[in-house]
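Read the structure below first, then the notes.
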2 protein chains.
Amino acid sequence: MDKKKDISMAVIKRLPKYYRHLAELLRNDVDRVSSKELSEKIGFTASQIRQDFNCFGGFGQQGYGYNVKELYNEISHILGLDKKYSTVIIGAGNIGQALANYSRFDKFGFDLKAIFDVNPKLIGMRIKDVEITDLDQMESFLAENKVDIGIICVPQAQAQKVADLLVDNGVKGIWNFAPLDIQVPENVSIENVHLSESLLTLVYLMNDLDK
Amino acid sequence: MDKKKDISMAVIKRLPKYYRHLAELLRNDVDRVSSKELSEKIGFTASQIRQDFNCFGGFGQQGYGYNVKELYNEISHILGLDKKYSTVIIGAGNIGQALANYSRFDKFGFDLKAIFDVNPKLIGMRIKDVEITDLDQMESFLAENKVDIGIICVPQAQAQKVADLLVDNGVKGIWNFAPLDIQVPENVSIENVHLSESLLTLVYLMNDLDK
């Protein structure tokens, strides 16, 4: 199935949700699922779901529902999860360490190659099998090792400099946890996890309900 | 300034960004800022910014820019950050511990009251000043202490049960890190941080650029 061009960001953001729910159906040995059943599970309307899948050429036969395994494989392929990705974490503070320890990502095929920090107290420590290395050595590490994704967990003031270093050394994906809108060139992809913004949104919503 | 009703979710999601950038301007002793200058910093168009602020009744005088301190205070008030919020963390694994250690939240006025877990190895440990307590005791804790926000960091299979317990005991805000779409009643607010979905979106975007 060929992917159509210009898929909207809204559809793209829904794909990981489909992937997660289909993985769960697979684990529960469900063979077939209708858009209506998926709708009940995921919370999007059945028509939304059919429309989304049509963006990618459609996966189902009207009235027969979707083959769960096929759909899972297709979405996995569309997301690019049939490939492996090597990652490095920069910043071994609370969030950096938590992500290094988070085994869920291994399962998706993400391979943590290195962790960098500037703190002498952290350098030399191991998280799982990966040693925390001096950030000074990142550039030479990137020259010798192909790294797909840089996970930025440094403080705000250092984040752009770290991103520039990653980009200048061929890293094409940035997963940013620093509370900053990092600038990257057009051939580099970025996803931000702005925890504070999420928490502040929650507080707004709580106060809004309270009125 | 009175808040208008029916502010769109898109505007709400931009408020924390304004708040962050204004805090930075304040730290740098900037007194006034125009929508054009804000636009260059934040990346939204100047017209978007003026439109957003108009949702809340407008803050500036045409041609004079905004008073940074006033604007910061107003947005702080709109977000509800002029109040304090008590929180509990449920699940003291990697993410739960990282959040408990994350001092950024203290500054916003979030006060971590308790951390709960089921793991006997973790119970009794302290993170900063807060002891990890047996999850069995959460219900009685919530009966005796007003808690505004429950931060869910438990595995997927336990997340809904934990959310139900929080909601049944009067917690009005859920910040959910479990990879699950938790169901809450309409009088409860929820914000999800789905880390895996963010990472999978990044991978999709990288592959999309690669074509």
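No lab work stands behind these numbers, since they all come straight from the coordinates. Everything numeric here is computed off the predicted structure, so don't read it as measured data. All Cβ positions, even for glycine, are placed from backbone atoms using ideal geometry, and neighbour counts span all protein chains on display.
Between the beta carbons of B:Lys161 and B:Lys69, assuming R0 = 51 Å, the FRET efficiency works out to 0.65 to the nearest 0.05. Put a plus charge on the Cβ of each Lys and Arg, a minus charge on the Cβ of each Asp and Glu, and nothing anywhere else: the dipole of the stretch B:9-79 about its Cα centre is then about 220 debye. Overall, the stretch A:56-211 carries a charge dipole of about 420 debye about its Cα centre when +1 sits on the Cβ of Lys and Arg and -1 on the Cβ of Asp and Glu, all other atoms neutral.
GluC sites (Glu not before Pro), restricted to the stretch A:146-204: which are DSSP loop and have at most 12 other Cβ atoms within 10 Å? Those satisfying the criteria are A:Glu186. Each Lys and Arg Cβ is given +1 and each Asp and Glu Cβ -1; about its Cα centre, the protein assembly as shown then shows a dipole of about 500 debye.
Among A:Gln51, A:Gln158, A:Gln97, determine the one that fluctuates most according to a GNM of chain A built with springs between C-alpha atoms less than 10 Å apart. Per the Cα network of chain A with a 10 Å cutoff, A:Gln51 tops the list. Annotation for A:Ser140 and B:Asp129: the two label points, set 7 Å from Cα along the Cα-Cβ direction, are 4.6 nm apart.
With label points defined 7 Å past Cα in the direction of Cβ, position B:Gln156 shows copy-to-copy spacings of 3.5 nm, given to one decimal and shortest first. For the stretch B:9-79, a Kirkwood radius taken over Cα pairs fed into Stokes-Einstein (10 °C, viscosity 1.306 mPa s) yields D = 134 µm²/s.
At 222 nm, what helix-only mean residue ellipticity would the protein assembly as shown give, in deg cm²/dmol to the nearest 500, using -39500 (n - 2.57) for each DSSP H run of four or more? Value at 222 nm, helices only: -14000 deg cm²/dmol.
With the contact rule set at Cα under 8 Å and sequence spacing of 6 or more, what percent relative contact order holds for the stretch B:136-207? Reported as a whole number, the value is 27 percent. Working from Cα pairs under 8 Å separated by at least six residues, relative contact order for chain B is 14 percent. For the rotational copy relationship between A and B, the axis lies nearest to a chain A beta carbon, identified with its distance in whole angstrom as A:Ala98, 2. Summarising the strand pairing of the protein assembly as shown, around 20 percent of its internal DSSP beta bridges are antiparallel. Counting neighbouring Cβ atoms within 10 Å and putting the fewest first, the residues B:Arg104, A:Arg14, B:Arg27 line up as B:Arg27, B:Arg104, A:Arg14. Taken along the Cα-to-beta-carbon direction at a fixed 7 Å, the label points for B:Met9 and A:Ala23 span 2.2 nm. With its label point defined 7 Å out from Cα along the Cα-to-Cβ axis, A:Lys36 lies at 5.8 nm from the matching points of the other copies, in increasing order.
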